[in-house]
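Worksheet: the structure to be examined is printed underneath.
Just so you know, all these numbers are worked out from the coordinates, no wet-lab data involved. Values in this document were obtained by computation on a predicted structure and should not be read as measured data. Backbone-built Cβ (ideal geometry, glycine too); neighbour counts: all protein chains shown.
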Amino acid sequence: MAWDFVVAKTDLRRSEFRDVEPPPLADGQVRLAIESFALTANNITYAVFGEMMKYWDFFPGPEGFGRVPVWGHARVEASAHPDIAVGQRFYGYWPMSTHLTVQARPGKSGFTDVAAHRQPLPPVYNQYLAVGAEDELEAHRALLQPLFITAFLIDDQFDEHGFYGARSVILSSASSKTAIGLAALLKQRGGVTVVGLTSPRNRAFVEGLGFYDQVVLYDELASAPIEGPAAFVDFAGDAAVLAALHNRFADDLKASILVGGTHWEAPRGGGALPGPTPAFFFAPDRVAKRQKDWAPGEFEQRYGAAWAGFVADAPRWLKVEVGQGREAMQAAYLAQVEGGTSPEVGVVLRP
């Protein structure tokens, strides 16, 4: 039995399962059975920006509904491509479904889905990496790798621009996994004070990570002793926090970078703000820039070195919880929509 989990584009709380019949394979097509995937606040961000950033276009759903993209692992169930064998496993970008059929173009480390509807979309999401048998870090990789790449790219942008002249780099939603990755990299790089903004319930967790030099609660933002000039990386997407920070630092704020929307129901926008205009960070553009700037293979080598150290440390602070089947998937999805699981837990689902 094959099925898709779909959500209403106009009401992210409304979800249902649709049974589907996988189509017969045309030449070059491969059908993969999805084994497991991570579900984080990042996936809710994909849904929130589904229309604007075209995340709904990767895996088209029935009229009015979308299939939320996730990162994880799948195994080839049937293949009409001579170079891809039944039983091979791949890591990449999937729908919340039991199966995905792709038009595969093999490369040296896996394959690219060259299906016509995916061609206008950022290539980084269409690439699938060949992997071996499941190991003890596989769940942590699925949970953290798509988020860490963004953290790596923002850290690199700060390095290229000399931290924009800031002495403090302030991260909202400091307990979110992308913020944790960036804090770890900034701490390692040194040269700035890494400040985490968080809620009272997550304070102890954020302090215990060891990546933040200073942890500040949202309602302390106006008065906390944060050294300027500052740069802000906004993982929360909360207009009130953004305004409070701009109003406090004004021209002493050297950069304001918008990344995610963990506080996805908070108002956005909010009119003119003092200080720099907030700029949306789009990871695929940064990847393309650095692949041009650096020698062939250098991007992969730099990223690989940073990632290996981060993921090896992840079991210290991130506990994996596994759910299986439709009910577990729906419950885990709704928990993320309603504000997520506790930050020390990572959810992996098996269809």
5 angstrom amide H check on V320, placed H, neighbours 5+ away: G346
Under 5 Å, built H, 5+ apart or other chain: amide partners of H81: G28
Average silhouette area of the range 1-111, convex hull of alpha-carbon atoms, in square nanometres: 7.2 nm²
Point-charge dipole on Cβ atoms (K/R +1, D/E -1) for the range 94-246, about Cα centre, debye to 20: 320 debye
Two-site FRET efficiency, D27 against T277, from Cβ-Cβ distance with R₀ of 45 Å, rounded to 0.05: 0.35
Helix axis angle, 325-337 relative to the chain longest principal axis, alpha carbon, degrees: 20 degrees
Pairwise Cα inverse-distance average, inverted: Kirkwood Rh of the range 160-247 (Å): 12.8 Å
All Cα pairs of the chain, percent lying beyond 40 Å: 12 percent
Sites H117 and D159 - FRET efficiency at Förster radius 35 Å, r taken between beta-carbons, to 0.05: 0.45
Volume per residue of the C-alpha convex hull in the range 126-207, rounded to whole Å³: 131 Å³
Inter-label distance for Q291 and V124, nm, one decimal - labels placed 7 Å from Cα along Cα-to-Cβ: 1.0 nm
Tilt relative to the chain, helix 283-293 - C-alpha long axis, 0 to 90 degrees, to 10: 90 degrees
Electrostatic dipole magnitude of the chain [Cβ: Lys, Arg +1; Asp, Glu -1; Cα centre; debye, to 20]: 220 debye
Leading residue at positive end of dipole, the chain (Cβ point charges), from V233, A283, N247: A283
Hydrodynamic radius (Kirkwood) for the range 266-351, which is based on Cα pairs only, to one decimal in Å: 17.3 Å
Cβ-placed point charges (K, R +1; D, E -1), dipole of the range 18-70 about Cα centre in debye, nearest 20: 140 debye
Rounded tilt (10° steps) of 239-249 against the dominant C-alpha axis of the chain: 30 degrees
Local electrostatic count at P106 - Lys and Arg +1, Asp and Glu -1, tallied over other residues with Cβ under 12 Å: 0
Within the range 24-62, backbone nitrogen closer than 20 Å to the virtual label 7 Å beyond the Cα of V345 toward Cβ: 36-45
Charge dipole (the chain, unit charges on Cβ, about Cα centre) - positive-most of P82, F163, L258: P82
Whichever lysines have a C-alpha closer than 24 Å to that of K108, once near sequence neighbours (fewer than 8 apart) are set aside: K289, K292
